[in-house]
Every structure is written in C-alpha cells, then in structure tokens.
Amino acid sequence: MTGFIWGQAAWMPGRPDVASVLSSTVPPAADIGGPPLSQYPSRLMRATSTLTRMCASVAAQTLENAGVSGKDIPAVFASSLGEVNIALDQLEMMSTGDGQISPTRFKNSVHNTSAGVFSVAFENHTASTSLAAGPLSVAYAILEAQQLLADGAK
C-alpha cells in the first residue's frame with residue numbers, strides 16, 4: 001500500500017502526547033488544560049466542544065508528527081456518541097426560557113464538526129469521514145481508513 005501517514009498523536013487532560021497518555025504517572029492538577037490548538041484560528045474554534053478541540057488537536061499533531069501538510073488528506077474522525085453534549089444543551093434550551101437555541105452552538109452540534117474545522121483550517125478539499133458508532137467507533141474508524149487506502153487514497 002502507498003499513500004498513508006506514519007504519524008500518531010494522542011491527548012488527554014494533562015497529557016499532551018502519546019507518551020504521556022500511555023504513562024501511568026498522574027499529571028499535577030496545574031498541568032491540566034485544554035488541547036493545544038495553535039494550528040487553528042481562534043475564531044474557527046469559537047464555541048466548539050472539548051470533543052471537537054480534542055479531535056482537531058490530535059489531527060494536527062498527527063500531521064506534524066508525520067511531517068505532512070493537512071491539505072488534500074482524506075481523514076477519518078470517530079467518537080462514540082458524536083456531539084451529544086451540545087445536542088443535549090440544545091434540547092435544554094428548546095424546553096426552557098424562550099425556547100430559542102444558540103445558532104453558534106447549533107452549527108457545532110453535528111458529529112462532523114471536527115472534520116469541518118480540520119478541513120477549513122488546513123484548506124483540505126478532500127472528503128473526510130465522521131463516525132459515531134458507540135463502543136465500536138475505533139474499530140469502524142480503522143476499517144474506514146483501511147478501505148480508503150485500499151481504494152487508492154493518498
């Protein structure tokens with residue numbers, strides 16, 4: 001096979017990379033912050049969820065670790081439940097107060113928000129896939145990526 005990325009990345013609160021995620025050391029509370037987003041314009045990331053920020057950060061780190069740009073790269077994003085927290089917030093807004101929902105939050109409530117911000121930030125015009133398959137999300141994401149490669153994605 002050709003055309004695949006040899007890079008990896010991971011993020012957890014207080015653990016900014018793969019080595020620290022795999023470490024059994026508990027980070028000090030002062031080190032726990034959000035994922036690094038230096039490659040994304042702050043305006044683009046406005047009102048995004050922690051999930052979107054995590055996915056966007058890991059995607060950018062993976063590209064950097066692989067030494068490739070994000071332009072014209074097929075990407076697969078996966079989460080177990082998608083943007084369920086924002087969707088629940090929207091339902092709460094609809095059922096209380098004046099019933100109005102936030103347009104800013106609404107645009108970030110779909111499960112492909114991560115792929116969208118990635119595409120905009122890296123000027124990536126290649127199709128991306130977003131999966132929300134519960135506990136099977138990682139397996140389906142790997143299967144989707146393998147199929148993209150088998151179909152000739154570069």
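What are the residue pairs meeting all of these: first residue in segment 55-78, first residue within 12 Å of residue 7 (Cα to Cα), second residue modelled with pLDDT under 90 and of a type in the set (Phe, Trp, Tyr), Cβ atoms under 8 Å, and 6 or more apart or on different chains?
58/11; 61/11; 66/6
Considering (1) in a helix (DSSP H, G or I); (2) within 19 Å of residue 60 (Cβ to Cβ); (3) open to solvent by less than 30 Å² (accessible area, probe 1.4 Å), say which one residue 120 fails and leave the rest.
(3)
Please go through segment 28-52 and give me each residue that is without any contact (Cβ under 8 Å) to a residue 12 or more places away in the chain and among the charged types (D, E, K, R), ordered by number.
43
In the set 114, 102, which member is within 28 Å of residue 19 (Cβ to Cβ) and surrounded by 14 or more Cβ atoms within 10 Å (Cβ to Cβ)?
114
Is it fair to say residue 148 is of a type outside the set (Gly, Ala, Ser), over 19 Å from residue 11 (Cβ atoms), touching a residue at least 60 places away in the same chain (Cβ under 8 Å) and outside any loop (DSSP other than H, G, I, E, B)?
Judged against the criteria, residue 148 is a match.
How many of the residues in segment 111-141 are touching a strand residue (DSSP E or B) at 6+ places or on another chain (Cβ under 8 Å) and of a type in the set (A, V, I, L, M, F, W, C)?
The qualifying residues number 7.
Which pairs do you get when a residue that is within 17 Å of residue 54 (Cα to Cα), found in segment 7-27, comes within reach of a residue that is of a type in the set (Asp, Glu) and at pLDDT below 85, reach meaning Cβ atoms under 6 angstrom, with the pair 6+ apart or on two chains?
Pairs that qualify, where the first residue is within 17 Å of residue 54 (Cα to Cα) and the partner is of a type in the set (Asp, Glu) and at pLDDT below 85, are 14/31.
If you take the residues in segment 105-154 that are of a type in the set (Ser, Thr, Tyr) and under 19 Å from residue 37 (Cα atoms), which one is nearest to the chain's Cα centre (by Cα)?
The qualifying residue nearest to the chain's Cα centre (by Cα) is 114.
The values are calculated or read from the model by the stated rules, or taken from the named source; none is laboratory data. Since we're looking at a predicted model, the values are computed, not measured. Every residue, glycine among them, receives a Cβ derived from its backbone with ideal geometry; neighbour counts consider all protein chains shown. For accessibility, only protein heavy atoms count, side chains too; no ligands or nucleic acids. Shrake-Rupley method; radii C 1.70, N 1.55, O 1.52, S 1.80 Å.
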